Amino acid sequence: MAMRGKSINLFLMDGDPNGRIKCTLANWTGVAYKIPRTELEKCKGRDDLSQSGVYFLFGSSDQTGENTTYIGQAGIRKNGEGILYRLQEHKRNPDKDYWTEAVVFTTSNNSFGPTEISYLENRFANMAVAAKRYLVKNGNEPTPGHITEEKESELEEFVDYAKIIMSTLGHKVFEPLAQIILASSATTPSDERGSLFFSIKRSGANAQARLTSEGLVVMAGSSIRKDSVPSCPDYVKSAREDNKEYIDKNGILQKDILFKTPSGASSFVLGAPTNGNVEWKTEDGKTFKEAEAAETADQ
């Protein structure tokens with residue numbers, strides 16, 4: 001079934017795309033906010049940020065540069081404080097100084113209770129871990145609580161809308177790399193190894209990759225050439241060094257790795273300067289360049 005269009009309203013609260021953003025979606029009672037850490041004080045007095053909700057703290061690791069997130073929940077306290085108060089607590093916590101902005105989900109009708117936010121915190125955390133885009137810094141898996149099947153159905157609809165909004169706000173925390181296929185190929189079954197799949201089998205490498213809307217993903221389980229030639233580009237050496245913990249002693253990748261260009265991906269696999277347009281080939285022998293040209297002709 002084809003996806004229907006969605007109407008999303010982004011309100012730049014400070015008139016600045018890098019400032020606070022309020023996000024709503026047609027026919028949805030949810031409300032989302034994207035709040036830079038430096039702008040938390042400006043949110044004081046907002047009734048919907050004193051409610052219950054679920055929040056994400058986004059930042060990056062100083063050691064590795066890896067994208068990080070912490071997912072939490074905030075209930076309404078006796079003093080009337082809710083989400084915003086919890087975010088301010090995190091800002092004062094020296095152990096959580098890595099985050100630079102927060103994304104918050106609540107509702108326009110203040111309908112979240114402890115059961116709802118526990119369920120959503122659990123779902124969001126598990127989805128983020130499964131996607132493997134971000135280092136999820138939750139120490140323990142949040143409890144899902146106990147809900148009826150009717151409430152679960154209602155909350156899963158909220159989750160579907162939240163996924164759309166999160167990507168719109170620039171965080172693909174829920175989207176596995178290998179499952180984001182080109183819009184022009186949206187009807188291709190996810191297990192059909194057609195023109196979106198490519199491989200390299202030479203020089204000790206046996207790698208598989210999938211074309212996505214963001215670039216070429218070299219798949220976990222691929223084997224790459226263990227050494228590199230003297231002329232190997234510096235950016236390839238850096239990519240191999242940055243991902244060394246995900247390459248075992250036999251050169252087998254332990255995670256999916258995204259590259260913006262076919263040549264970046266093929267050079268990483270072969271440890272040498274390469275032309276990815278001809279190195280990557282489909283199962284029927286077409287080069288990446290030929291497969292891309294054929295797909296363009298079909299549109």
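The values are calculated or read from the model by the stated rules, or taken from the named source; none is laboratory data. Being a predicted model, the structure only gives us computed values, none of them experimental. Here the Cβ is made from the backbone with ideal geometry for all residues, glycine too, and neighbour counts use every protein chain on show.
Observations on the model:
- Options Val236, Val217: the member that is in a strand (DSSP E or B) and surrounded by 17 or more Cβ atoms within 10 Å (Cβ to Cβ): Val217
- Residues of region 173-194 that turn out to be part of a loop (DSSP other than H, G, I, E, B) and either at pLDDT 90 or above or within 22 Å of Ser267 (Cβ to Cβ) (or both), as a count: 2
- Search result, residues across region 116-139 that are within 16 Å of Ala74 (Cα to Cα), out of contact with any helix residue (DSSP H, G or I) (no Cβ under 7 Å at 6 or more places or on another chain) and either free of Cβ contacts under 8 Å to residues at least 60 places away in the same chain or part of a strand (DSSP E or B) (or both): Ser118, Asn122, Ala125
- Comparison of Asn67, Asn110, Asn27 shows that the only residue that is surrounded by 12 or more Cβ atoms within 10 Å (Cβ to Cβ) and on the phi > 0 side of the Ramachandran plot is Asn110.
- Scanning region 30-49 for residues that are surrounded by 11 or more Cβ atoms within 10 Å (Cβ to Cβ), part of a loop (DSSP other than H, G, I, E, B) and free of Cβ contacts under 8 Å to residues at least 40 places away in the same chain turns up just one, Arg46.
- Taking the criterion of being part of a strand (DSSP E or B) and either of a type outside the set (Ser, Thr, Tyr) or at pLDDT below 90 (or both), the residues of region 64-93 that qualify are Asn67, Ile71, Gly72, Gln73, Ala74.
- Residue pairs meeting the criteria (Cβ under 7 Å; at least 6 apart or on separate chains; first among the small types (Gly, Ala, Ser), in region 94-107; second modelled with pLDDT of 95 or more and part of a strand (DSSP E or B)): Ala102/Ile35; Ala102/Tyr55; Ala102/Phe56; Ala102/Leu57
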